[in-house]
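Participant: Can you keep this structure in mind? I'll have questions shortly.
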Amino acid sequence: MKRGDKLIIVRNVDATIIAALTALGITLDADCPYQETRELIDGREARVVTWVLKPASACGRFVTQEMLKAWVDPAFAKNNPELLLHTSSRHSRTSNESNKRQQPNHRSH
């Protein structure tokens, strides 16, 4: 990374979106692609992964921020089927699995 380089920092997202972005040619920062930390969230210790991405694909066709928005937009897949960024069934499954993992685990005492 050089001084003045722009980077996109994304925290606590499903690694599937990171894989999809890299498949489109959006690369992770070479110096610090990700960082895993343990943080207190709502009084509980949680694993947090922070990803560091370039702002666009090497070819310039895909803009990272736009692709992150597209990932959660069901209409995007319908309007851009050639990209196969996500399918409705996988998107729903991934969202549900992610929500389950992020929900706190409450125990009765």
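Participant: Which residue is surrounded by the fewest Cβ atoms within 10 Å (Cβ to Cβ), if the candidates are limited to segment 22-32 and must be outside any strand (DSSP E or B) and of a type in the set (A, V, I, L, M, F, W, C)?
Facilitator: Among those residues, the one meeting the criterion is Ala30.
Participant: Within segment 1-21, can you find the residues that are surrounded by 15 or more Cβ atoms within 10 Å (Cβ to Cβ) and in a helix (DSSP H, G or I)?
Facilitator: Thr16, Ile17, Ile18, Ala20, Leu21
Participant: As an exercise: evaluate Phe76 against (1) at pLDDT below 90; (2) surrounded by fewer than 16 Cβ atoms within 10 Å (Cβ to Cβ) and give the number of the one condition it does not meet.
Facilitator: Evaluating Phe76 over (1) at pLDDT below 90; (2) surrounded by fewer than 16 Cβ atoms within 10 Å (Cβ to Cβ) leaves (2) as the failure.
Participant: Please determine whether any residue of segment 49-59 is closer than 17 Å to Asn12 by Cβ, of a type outside the set (A, V, I, L, M, F, W, C), modelled with pLDDT of 95 or more and surrounded by 13 or more Cβ atoms within 10 Å (Cβ to Cβ). Don't jump to the end; show me each part of the working.
Facilitator: So in segment 49-59, the residues closer than 17 Å to Asn12 by Cβ come out as 49-53.
With of a type outside the set (A, V, I, L, M, F, W, C) added as a condition, the list becomes 50.
This time we only want the ones that are modelled with pLDDT of 95 or more, so: 50.
Then drop every residue that is not surrounded by 13 or more Cβ atoms within 10 Å (Cβ to Cβ), which leaves 50.
Looking through segment 49-59, at least one residue is closer than 17 Å to Asn12 by Cβ, of a type outside the set (A, V, I, L, M, F, W, C), modelled with pLDDT of 95 or more and surrounded by 13 or more Cβ atoms within 10 Å (Cβ to Cβ).
Participant: Condition first: part of a helix (DSSP H, G or I) and either polar (S, T, N, Q) or touching a residue at least 24 places away in the same chain (Cβ under 8 Å) (or both). Now tell me which residues in segment 33-77 satisfy that.
Facilitator: Within segment 33-77, Thr64, Gln65, Met67, Leu68, Trp71 qualify.
Participant: Which of the following residues is modelled with pLDDT under 85, hydroxyl-bearing (Ser, Thr, Tyr) and over 13 Å from the mean Cα position of the chain (by Cα): Ser98, Ser88?
Facilitator: Ser88
Participant: Any idea how many residues of segment 3-34 are touching a Cys at 6+ places or on another chain (Cβ under 7 Å) and not small (Gly, Ala, Ser)? Explain how you work it out, then say what you get.
Facilitator: Step one: list which residues in segment 3-34 are touching a Cys at 6+ places or on another chain (Cβ under 7 Å), which gives 25.
Within this subset, residues satisfying the condition of being not small (Gly, Ala, Ser) are none.
Summing the residues that are touching a Cys at 6+ places or on another chain (Cβ under 7 Å) and not small (Gly, Ala, Ser) in segment 3-34 gives 0.
The values are calculated or read from the model by the stated rules, or taken from the named source; none is laboratory data. As the structure is a prediction and not an experimental result, all values here were calculated from the model. All Cβ positions, glycine included, derive from the backbone under ideal geometry; neighbour counts span all protein chains shown.
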